[in-house]
Structure formats: C-alpha cells, structure tokens
1. Out of (1) modelled with pLDDT of 95 or more; (2) closer than 30 Å to Lys110 by Cα, the odd one out for Tyr260 is which?
2. Of all residues in segment 291-300, count the ones that are in contact with a helix residue (DSSP H, G or I) (Cβ under 7 Å, 6 or more places away or on another chain) and surrounded by fewer than 18 Cβ atoms within 10 Å (Cβ to Cβ).
3. Is it the case, given these coordinates, that Asn391 is open to solvent by 40 Å² or more (accessible area, probe 1.4 Å), over 24 Å from Arg80 (Cα atoms) and part of a loop (DSSP other than H, G, I, E, B)?
4. Taking the options Lys224, Lys162, Lys206, name whichever one is open to solvent by 70 Å² or more (accessible area, probe 1.4 Å) and free of Cβ contacts under 8 Å to residues at least 12 places away in the same chain.
5. From the list Val292, Val265, pick out the single residue that is more than 30 Å from Lys330 (Cα to Cα), touching a Leu at 6+ places or on another chain (Cβ under 8 Å) and not in a loop (DSSP other than H, G, I, E, B).
6. When segment 50-100 is examined, which residues are found to be charged (D, E, K, R) and in a loop (DSSP other than H, G, I, E, B)?
7. Evaluate the following for Gly197: is it surrounded by fewer than 18 Cβ atoms within 10 Å (Cβ to Cβ), at positive phi and not basic (Lys, Arg)?
Amino acid sequence: MAINGISSYGLNSLYGYQSSINSLRLTQALSKNPKLNQSYSSSSTSAFTSRKAAMKEDINFVKDYSSKMSDLMNAANELRSSNKNGAMSDLSITSSNSDVATASGKLLVKNDKEYKLDVNQIAQAQMNVSEGVKAADYAKEAMNFTIDDGKNSVNVQVGTTKANGGSRTNVQMLKEAADQINKSKVGVKATVVEKDGVASLQLEGKETGKGKDFEVSGELGAAKGAENVQTEAANAKYSVTADGRTTEYETETNNVSIGYYGVSVELKKAGEATLKAGVDSGSVASALGDLVDAYNSSLKFLNDNYDRGSGVGRQLRNMISGIGSEQSLKQLGITVNKDATLSFSKSTFEKNMQKNPSLSKELISGMGGIADRLFNKASSAMNVSSSSLVNGGGSGSFSGSSSGSSSSMNSMATNPYSVMGMFSKGGAYNMSNYYAVGMMMNYLI
C-alpha cells in the first residue's frame, strides 16, 4: 500500500486512514534513527533541541489531525444509509396520533406493514371520590370504614383528636386515612385532592379491567361519599385493521401487542391512529447532534492551526463549503453561525421529522445528504499528504528557512514529511519514487 496519496476507487476512506497511520509510524521510526537526529544537529545544542521539539510538535499535530477527521467520519457514518447498524437503520414503531396510542420497542427485522388502530374504549380502574369538605375546618366525626377488593381488605380508623389532645382538621383526617390505605395490601391507591380550600379523598383501583372492583363501607366522616363509584372498572375495546381485514379485541389492560414482534402499544384514549415502522427519531436526533459536535470540533482544530501548512488551509476551506442549503439545514434543525460552526436544535428537528419523515431522512442519509457530505469531506482530509499539513510558517514547520539549492536539498533529504511527499506525489512506479524509497530505507536501516 502506498503512503499518502495512492488509493483505490471505493476505498478512499480506508486507504486514507491507513495512509495517515503509515505516516505516523514512519515518522516515529525516523525520529528514533540516529542518522536523522544527526541531520538535525548543528553547532548549537539549543538549535538541535529546538528542531527536535519542532519535529515532535508536528508529529503530535498530525496525530491530532487524524483523530479529529476520524471522529468526524465515524459520526457521519452513523447516519449514512449504507451503515446497516447505524441510527438510520434503527427501526421503531411510530404512531400517527400519540394522544390515542404510543408505541415502544425496536424491530429486529424490517417490516413495512401498517396497522390502523381504532380505540373505542380504554381499560379503566374503578374510582371513588368523596364529597368535598372545607380543608381547614375541624372534623366533627371519627372515621371507621373498610375497603375490600375481594382479595385483601383494610380497616381505616381515624379519631377526631390527635395524640396530644388537639383537634384534627378535615384535611388531616383525610391524609391520615390515605396513609393507612396506602400502607396496606389492599389493591387501592388513596390520594387527597385539595383545590380552593376544599379537600376530598380519591380512591382508585391499582389494576384496570372488568372485575377489578372494590367496596367501601362503614363510618366515613370527612370522607363521606367515598362509598359511591364514580368510574367503573372496564376493559379496553379496540380494533386493528391490516391488509384490509379488521379484528376486534378486548383486554383488561391498556398495554397491548399489535402485529409487530417485540413492540408494546399503550392505549391512551378513544380515537384512531396508524402504527407503522420508521426511523427512531430520538436515535437520529442524538446521532445528528454528535455529528454537529464532531464537525464543530474539526472546524475549530483546523482554524486554530490554519497557518501551520497549506494543506490545513485547503481542508478548512473545503470543510465549510457545500454542507447543504440553508433551507435543507433548517429542516434538520441546523443553523450556520457567524464563525461557520453549526448549531443544532433537537426539538426543531424532531418536530420537522414528525411532519415530514421522508424528507428529513433524505436530507440526512440520502444521496448528497449531510451525512455523506461530511463523511466525504473527512475522508478526503484523511487522504492528504502529511507534508502539506506542516509546510507552513508555523513554529513547528519542518520546511526550513535556508536559502539556496544546497540548503533546500539538504532540508528535503532530512525532512521525513518531504520524503513521504516525494513518495506519494507521482505514484508507486514514478521514477522519482525509487529515490524516495531509497532515502526512506536509509533512514530506517
């Protein structure tokens, strides 16, 4: 495999990555070679130390550069349609009306079938609510009543006076009764509801469905009326239509399974909804946010090292151009800031994704979508010559400042990046590469 610049169609990203790795390995080998160290030496010890530090700085820069571009490639690849394990292939069930029904779970295999859901009635638990009493008034009657759910029962006893002899208010009576109920094993949950100075005791069965009843009897005091049923326990009733066939269902719970293996649907209220497989907008939003972060990090890195080499400047200009139209980015919840970095609004993206999922998907992972654009930019950046990244006038440059042909040739012969540049410039069989290979072998031997 050639170092820097030799690649095969369709494998640019792989060869580019390997190219950078080869460059780093060669540079590390060169830095330990006595012959190379001698070429950097001078009559001044401080000059030698300075050149060695400069070489180390450039090596670290190339490492950081490769890391940034690799991070951007990985973030973009997560959203590419060709990545079968990426976020765009993570299918989940979506509901066209989340007020009627919601779905949770992932599909292990692709399933394009749609299910029309018609909810006639959701499953309900029995509910009893007492008459309202003035919360701050002192209680006039004690409580001594029983709740029985058919399996367990609890006897509630609350006196009008406290242990210290003080009187209890109505709301204190109700809270003490609720506490005793909730600590028991009876299948009823008790809640004290207060509004505008009026308090009441709400009793609700812990289970939904027909037959999940309970009875209240005895001296209720401040909870008068709690023996009356306000909402009866009932089963859920709904129908599912698929492939032109409608099937009726009745269940005790609102958590049901409809058509898709491993997917749970929760019925919310009466109405209609369509269930179908689609991209998980939450996973895509998270991956899109990661892509924006990786892009911004790469952009900042290139900008901070703009004067280090001509290749850095070219990559910076390439990075900020052709990301996508303003309208396309807006659909994805992305805006371009004044400094060319990007901002991402998850809420805006998820809202637009719900309105037009096919358009959002196309703008992300379609041909020419943002994922492919940024992946290709990062891939191209990984495939540049290392010499072009450090040939500028920065403090860590290897290019040298000596004038004259002798100095230039000496700089080229002692500069590992120049040698690698020679090797990659004209192809593996270019005549000059025989000399480049020989020079590299001399360094390593």
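1. Looking at each condition in turn, Tyr260 falls short on (1).
2. The number of residues fulfilling the criteria is 1.
3. The answer is yes for Asn391.
4. Lys162
5. On the way: Val292 fails: more than 30 Å from Lys330 (Cα to Cα).
Answer to the selection: Val265.
6. Glu78, Arg80, Lys84, Asp90, Asp99
7. yes
Residues checked against (1) open to solvent by 60 Å² or more (accessible area, probe 1.4 Å); (2) of a type outside the set (Val, Ile, Thr); (3) at pLDDT 90 or above; (4) closer than 27 Å to Thr94 by Cα:
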position	(1), (2), (3), (4)
Asn305	no, yes, no, no
Gln331	no, yes, yes, yes
Asn337	no, yes, yes, no
Leu342	no, yes, yes, no
Met353	no, yes, no, yes
Ser360	no, yes, no, yes
Ser365	no, yes, no, yes
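The values are calculated or read from the model by the stated rules, or taken from the named source; none is laboratory data. Model, not experiment: these values are computed from the prediction. As a convention, Cβ positions derive from the backbone with ideal geometry for all residues, glycine included, and neighbour counts pool all protein chains shown. Remember, those area values only see protein heavy atoms, side chains included, never the ligands or the DNA or RNA. Shrake-Rupley method; radii C 1.70, N 1.55, O 1.52, S 1.80 Å.
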